[in-house]
Amino acid sequence: MNSAGLIMHPYVRLAFFFAGICGTLLSTNPVFLLVTYLIVIIPTIALNGQFRQHLKLLIIGILPILLSFILLYIFIFHDKSKSWDFIAVKVIKIILFTSLFQITLSIPSKILFITLKKWGFSGQPLVLVLSSLTVWEDVRYRANKIIDARFARGFVVQRSAITKARQLPYIILPLVIAVFRTAIERADSWEQKDMLYLVDHIRVEKVAYPVILNIVYFATSVCWLVIGLLIHFKYA
Amino acid sequence: MLALTFVPLAIALNVGIGAIVKALNLPLYLDSIGTILATIMLGWRWGAVVGVLGFIITATIINPLAVYFVGTQVAIAIFINVMAINGWFKNVFRTIVTGLLLGVVSAIVSAPVIIFVFGGATGNGSALVTSFFVKFGHQIVNSIFLSGFSIEPVDKCLQCLLAIFIIKRMPESILGRFHSAALIQNKLTSK
């Protein structure tokens, strides 16, 4: 992620997330939901430099859902007038929820520590979340290496699904043993260094968040929630 | 401290194996092996942490829709813990039974999410199976349950077998560091 991802203050990030979730949950008006997506989510994604990630969400996540909705409600149920509205609301809501997760939980590594601290994490939970968000790339790298090695050594002659499925336990085993060994080594090292104390007492650099942009984001979060509430009670 | 270092790696295992399965284009999920392993080695609380955090991370990296199924991961951790402390991983037959039952539990826990969040259409193979049952006269809710019952047990059975296969081939020097009742109850470690 580029430096533009550094714009949101941790508290604003949290407010944006919860207001967005509540505002979306409360509203069943497809026009409001679509307008929110176009004027709030799309610009935020552009500012965060997450267009590629978001496109992946739309193609891999949302498009198959849309197609299965059409299959289920239009071709099988045959109630077209009612079903199109239902599909529109469901699909836009899923896009909004998932985009909120993408925007608020894709935290740049530079501000990951301070964001988690501001969110109230400390001690064990802080170490847990911090290492969970950073360690997976290492494991994925190792996994890819093991796959390449199995293919290169000729253990997989035919690339049919059954042959590949048979190889799976043999790919996973070295990966898991490496994972366990790393865990044990780290546990010993962290205990010696008193990692929990260090994490709680480490000094962090102050981050300069753009004030106006954060005010705009906070105001947007409040508006999203209030309009969602108004729509909910108007149609209740 | 061992739990603290193992949990992130178990999370990465969930994400990593999910990525392998995706790379091999296999018609499976295999996204809960880390959860099952952590539950057997460390107990259900850590297993649930692995499942929930793992699915949140998967949602931001690989599959954005995974986040809706975090509740299923908690249910998996609790169920595996109950079965493990009662010795239901002692042999292959028992492990298969546990896997099949876990599939049923997963289907039941996932169904409300599929009904209320996705309206029955999750966009994967299960949506086609749901459509199949709807086409043959079943109600949408019944179809979602039937679709879950026909897909989940196979996947979960494989995951349980894989988890036990992994633990049984683990060096004693590693297993000996984990003091879990489930490991002793299922005769997975000699200590």
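Measure of size requested: the Rg and Dmax of chain A, with Cα atoms as the atom set and Å as the unit; please supply both.
Gyration radius and largest Cα-Cα distance of chain A: 22.9, 66 Å.
What relative contact order, as a whole-number percentage, does chain A give when Cα pairs under 8 Å and 6 or more residues apart are counted?
42
If the protein assembly as shown were replaced by its equivalent ellipsoid, with semi-axes equal to the square roots of 5 times the Cα gyration tensor eigenvalues, what would those be, largest first, whole Å?
36, 30, 19
Using helices alone, I'd like the mean residue ellipticity at 222 nm for the protein assembly as shown: each DSSP H run of four-plus residues gives -39500 (n - 2.57), total over residue count, nearest 500.
-24500 deg cm²/dmol
Which helices pass in chain B if a helix is a full DSSP H run, must span at least 20 angstrom along its long axis by Cα, and must have mean Kyte-Doolittle hydropathy not below -0.5?
Membrane-span-like by this criterion, though nothing is claimed about a membrane: B:2-24, B:44-61, B:70-85, B:92-116, B:140-168.
Using only Cα positions of chain B, each an equal point scatterer, no hydration layer, compute I(q)/I(0) via Debye at q = 0.14, 0.17, 0.19 Å⁻¹ and quote the log10 values to two decimals.
Here the Debye-derived log intensity ratios amount to -0.75, -1.07, -1.30.
Within 10 Å of each Cβ of A:56-66, how many other protein chain Cβ atoms are there on average? Let's see the in-between values first.
Details: counts 3, 4, 1, 0, 5, 7, 3, 1, 7, 8, 2.
The per-residue average across the peptide is 4.
We did not get these values from a lab; they are worked out from the coordinates using the rules stated. These figures come from a predicted structure and were not determined experimentally. All Cβ positions, even for glycine, are placed from backbone atoms using ideal geometry, and neighbour counts span all protein chains on display.
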